[in-house]
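In what follows, a structure is listed as structure tokens, so that the remarks can point back to it.
The values are calculated or read from the model by the stated rules, or taken from the named source; none is laboratory data. This is a predicted model, so every value here is computed, not measured. Every residue, glycine among them, receives a Cβ derived from its backbone with ideal geometry; neighbour counts consider all protein chains shown.
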Amino acid sequence: MERPVTDLETLGERTAGALDSHATDRDRAIQRARRGFLEAALTPAGNRRVVGRGWMVAVAAIAAAAALAVWIRLPPSSLAFTAGGEKGVLESWVAAPESAPVPLRFSDGSVFSVEASSRARVVAVEAHGASVALETGSLRANVVHSGRGAWRVIAGPLTVHVTGTRFAVRWSAATEVFSVSVEQGSVAVSGSVVGAERPVRAGETLRVRVRDRQLELTNAREAQIQASPIAPPVSEQAAPDRVAENQPSALVPPAAPSHARGSKPEASEDWRPFAERGALREAFAAAEASGFEAACQSASAAELLQLGDGARLSGRADRATLALTTLRKKYPSDPRRAAAAFALGKIAFDQTGAFAQAAEWFRTSIREQPNGSLSREAAGRLIEALKRAGDAAGARGAAESYLARYPEGPHADLARTVVR
Amino acid sequence: MIARAKEPEPELRSGVVLPMAFSGDDATLVAALREHHPGAKAAFFDRHAAYLERVITRVIGIDRDLADILQDSFLSALSSLHTLRDPRALRPWLAQIAAQTARKVLRSRSRRRWLRLFVDAEDEARWDQPVAEHEPDTLRALHGVYAVLNELPTDDRITFALRFVEGMDLQEVAAACGVSLSTVKRRLSRAETRFRMLARDRPELSEWLAGGSRWNDQ
């Protein structure tokens, strides 16, 4: 029901409009902030500016640094690198063609070969090393040992720390399978499933199935298998190190039928600590291991949202729907109902392609919380869902409403194309 | 979650192409930031910069230090990401970060103003924007609003700005300020009373303050 607008609300709206009209330097300020944010190392927040007479302090500091430089050796500048023969640029997407690899050559002589059909990028470069992100595929590395090496290969949720070695890394984003095979020297791997740094030595291959929370360390000479304590017991001997990551391995036993796709934490492990840390996939896996339906019945509204998110991020639309519909039934007055409706809309849109149903959920979310933090996003997604459902008139109406309310919103461009 | 048009596949020469945008909803973005996924930082900024800029500007007004304040907000958010309990609530959590950063700036300036020791002419120009006679009415009124807001206690000012200029509801204001609903109502009541009193001396605000009947609080 509409209510009268107060004088201060009127003033507020006009102030907002005037700010939007007169903030002519806004875009430039945002760009400057972006550059500063992306370049800055992570330091505590605070006002780092020199204010007022502090410029004198800055001048003095610069002079002192210059004086010190006479006595101490300043650290060398970062390594340079080329990508496929061209000058390398940080964060550039390196896409190797099907027929040949693309070499990343660093100025210290280290070479990372992005193998055919693989994708990678150099995300950081320092004086004695660099960080290379393997997006998908494989990468062979020959790193020059310097004693101060700071090399990393980031593959999904795992990181390979390198000092001076020859090794190959494989990562599939689709199947979430990682492997590193060391030919010379050693590396240390940390991250999901592995935990703190685990060494992998020459002749060894470490393979991690992130989705199933299993890892295997194989040795080509001794043909031994060490299974992760999290994984079920393995009944067969390892094959040598050439493991195809997209083929089911004889080493990995089939998952238990009732938890076919979830992770396998301890049966008694409570899911709540994972959720409190924001580890939603792990929270879902723990809840699934101990009984997802029971977890939903005992969860609060906030916890049901977390379980729903964890299930959705784990690719379990069915479980996510269960958690979210349970929230809506059990807590009919909770404001999170609208957020649950929004999430159900996303599941219908993103995971099941039920666009008409998605549109209904987005409408529900907006209706239940018209000024909530998700209302703008729901309004934008509603346009998309109606468009994909073939409801041109509905999409147009939604687009007009969106533009009236959020003329500069993230879906404004889409809305304008629908309205035209 | 964010609709991004699919970019055409660029022609490969040596196999090196431009960076690909990160895609995923806020929960996925938070997970990616925590896992130091390349591209997540840029996506984090690009997705939320306009919103944070808006919250900061609503609270502080048009300010020459906007770039620094915005950068500080994002750095603060990144360094305290571990405190975000619900990645779905990233946007309201960011509002809280922006409000906290703005609060620090305002309190720092308030202290300096009072001390009048380290403020030089450039600082005065940055913070106190005198109104020129030839400026349009909207700009004069805008200056008037923020001149009045400068006279309010910082917490009351932030509450007022988030409620009336940004248009948050009381729950959202409470979340952004990190206080209870009753505290928000108290601050708002004080701020409204004082704002109206000070605005009486500013004829440039008279038109903006013309509005409907008082809303009876429930």
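Condition check ((1) modelled with pLDDT of 95 or more; (2) more than 29 Å from B:THR138 (Cα to Cα); (3) out of contact with any Asp or Glu (no Cβ under 6 Å at 6 or more places or on another chain); (4) facing another protein chain (nearest Cβ under 8 Å)) across all residues:
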| residue | (1), (2), (3), (4) |
| --- | --- |
| B:ASP63 | no, no, yes, no |
| B:LEU78 | no, yes, yes, yes |
| B:SER108 | no, no, yes, yes |
| B:ARG111 | no, yes, yes, no |
Condition met for A:ILE366 (surrounded by 19 or more Cβ atoms within 10 Å (Cβ to Cβ) and touching a Lys or Arg at 6+ places or on another chain (Cβ under 9 Å))
no
Matching residues in the stretch A:1-53 (polar (S, T, N, Q), farther than 19 Å from B:ALA141 by Cβ and modelled with pLDDT under 85) number 2
Regarding B:LEU205, is this residue at pLDDT below 90 and buried (at least 22 other Cβ atoms within 10 Å of the Cβ)?
yes
Residue by residue through the stretch A:212-222, note down the ones that are modelled with pLDDT under 85, of a type in the set (A, V, I, L, M, F, W, C) and within 27 Å of the chain's Cα centre (by Cα).
A:LEU215
Among (1) assigned to a loop (DSSP other than H, G, I, E, B); (2) more than 23 Å from B:ILE97 (Cβ to Cβ), B:MET197 falls short only on (1)
Residues that are among the polar types (S, T, N, Q) and either surrounded by 21 or more Cβ atoms within 10 Å (Cβ to Cβ) or at positive phi (or both), drawn from the stretch A:308-340:
A:SER314
Which ones in the stretch A:364-420 are polar (S, T, N, Q) and within 12 Å of chain B (Cβ to nearest Cβ)?
A:GLN369, A:ASN371, A:SER373, A:SER375, A:THR417
Can you find a residue in the stretch A:378-398 that is in a helix (DSSP H, G or I), of a type in the set (A, V, I, L, M, F, W, C) and modelled with pLDDT under 85?
no
When you scan the stretch B:32-49, do you find a residue that is under 13 Å from the mean Cα position of the chain (by Cα) and without any contact (Cβ under 8 Å) to a residue 40 or more places away in the chain, even just one?
yes
